[in-house]
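Comments concern the structure below.
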Amino acid sequence: MNINDIFVTHKVNGQWTTPELMPAPISTDAGNEHCPMLLRDGKTLCFASQREGGFGSFDIWCSERQADGRWSEAVNAGPNVNSAGSEFHFMEDPDARWVYYSSSRPGGKGGVDIWASRHLGPNMWGPAVNLGPLVNTVGADMCPAVGPGGQTLAWFGGARKDSLGASDIYFTSQRNIDRVLSASGTP
């Protein structure tokens with residue numbers, strides 16, 4: 001166990017069980033795993049990790065739950081999602097078409113931006129698309145979350161004129177995000 005590991009708890013008869021460490025291949029001694037996201041297929045767990053074999057500091061890795069309940073070896077999400085920077089807070093939209101994530105990759109608006117990649121199939125992702133100035137600023141914009149019903153995208157941001165503190169919660173209509181993604185030319 002290290003600074004960050006992933007734990008799981010289950011709701012049984014309306015009560016949450018005691019959290020249990022998810023062992024390797026999910027949590028490792030060197031990876032500092034965090035920000036888990038179970039994809040819409042119900043069997044693919046993606047998370048951020050500093051384990052060996054990545055493209056940068058923290059990368060997105062995915063593991064699939066097998067029929068016997070064990071998890072497969074984690075596979076790096078590849079260069080369309082991961083970069084020499086850090087990627088984390090991986091979030092899939094309700095239709096499993098796009099994933100949104102925080103990244104410090106080159107080409108962003110600030111220190112950390114929110115990016116999207118098209119979900120093309122099992123652990124296959126389209127090129128990274130920056131969500132642009134409607135979402136991203138020169139500060140840290142991160143932790144994307146799709147609202148109930150998939151009609152809004154929310155995130156933490158702090159380098160805005162209307163900020164009330166170090167980091168506020170912002171949201172925009174999914175239609176605005178769809179316009180950015182459509183303009184990117186990514187199918």
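The values are calculated or read from the model by the stated rules, or taken from the named source; none is laboratory data. Note that the structure is predicted; figures quoted are calculated from it, not measured. Note: ideal-geometry Cβ built from the backbone for every residue, glycine included; neighbour counts use all protein chains shown. Surface accessibility is based on the protein's heavy atoms, side chains included, excluding ligands, DNA and RNA. Shrake-Rupley method; radii C 1.70, N 1.55, O 1.52, S 1.80 Å.
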Just need a number here: residues in segment 106-118 that are assigned to a strand (DSSP E or B) and either crowded, with 20+ Cβ neighbours inside 10 Å or of a type in the set (Asp, Glu) (or both).
6
Taking segment 119-129, which residues are on the phi < 0 side of the Ramachandran plot and in a strand (DSSP E or B)?
His119, Leu120, Met124, Trp125, Val129
Given the options Pro36, Pro94, name the one that is open to solvent by 50 Å² or more (accessible area, probe 1.4 Å), within 22 Å of Val146 (Cα to Cα) and outside any loop (DSSP other than H, G, I, E, B).
Pro36
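If you scan segment 134-158, which residues turn out to be open to solvent by 30 Å² or more (accessible area, probe 1.4 Å) and under 20 Å from Gly85 (Cα atoms)? First the steps, then the outcome.
The first filter runs over segment 134-158 and keeps only residues open to solvent by 30 Å² or more (accessible area, probe 1.4 Å), leaving 134, 138, 140, 142-143, 145, 148-149, 151-152, 156.
Of everything in segment 134-158, those that are open to solvent by 30 Å² or more (accessible area, probe 1.4 Å) and under 20 Å from Gly85 (Cα atoms) turn out to be Val138, Ala140, Met142, Cys143, Phe156.
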Residue list for segment 40-62, filter: of a type outside the set (Phe, Trp, Tyr), free of Cβ contacts under 8 Å to residues at least 60 places away in the same chain and either open to solvent by less than 20 Å² (accessible area, probe 1.4 Å) or not in a loop (DSSP other than H, G, I, E, B) (or both)
Leu45, Cys46, Ala48, Ser49, Asp59, Ile60
Only one of (1) surrounded by fewer than 17 Cβ atoms within 10 Å (Cβ to Cβ); (2) within 19 Å of the chain's Cα centre (by Cα); (3) over 23 Å from Ser117 (Cα atoms) does not apply to Gly31, and that is (1)
Selection status of Ile114, out of contact with any Ser or Thr (no Cβ under 7 Å at 6 or more places or on another chain) and under 24 Å from Gly185 (Cα atoms):
no
Out of Asn176, Asn123, I need the residue that is open to solvent by 20 Å² or more (accessible area, probe 1.4 Å) and in contact with a Leu (Cβ under 6 Å, 6 or more places away or on another chain). Which one?
Asn176
Of all residues in segment 1-25 being under 21 Å from Cys143 (Cα atoms) and in a loop (DSSP other than H, G, I, E, B), the one that is most open to solvent (accessible area, probe 1.4 Å):
Ile3
Sort through Glu64, Glu73, Glu52 and tell me the only one that's charged (D, E, K, R) and within 27 Å of Val146 (Cα to Cα).
Glu64
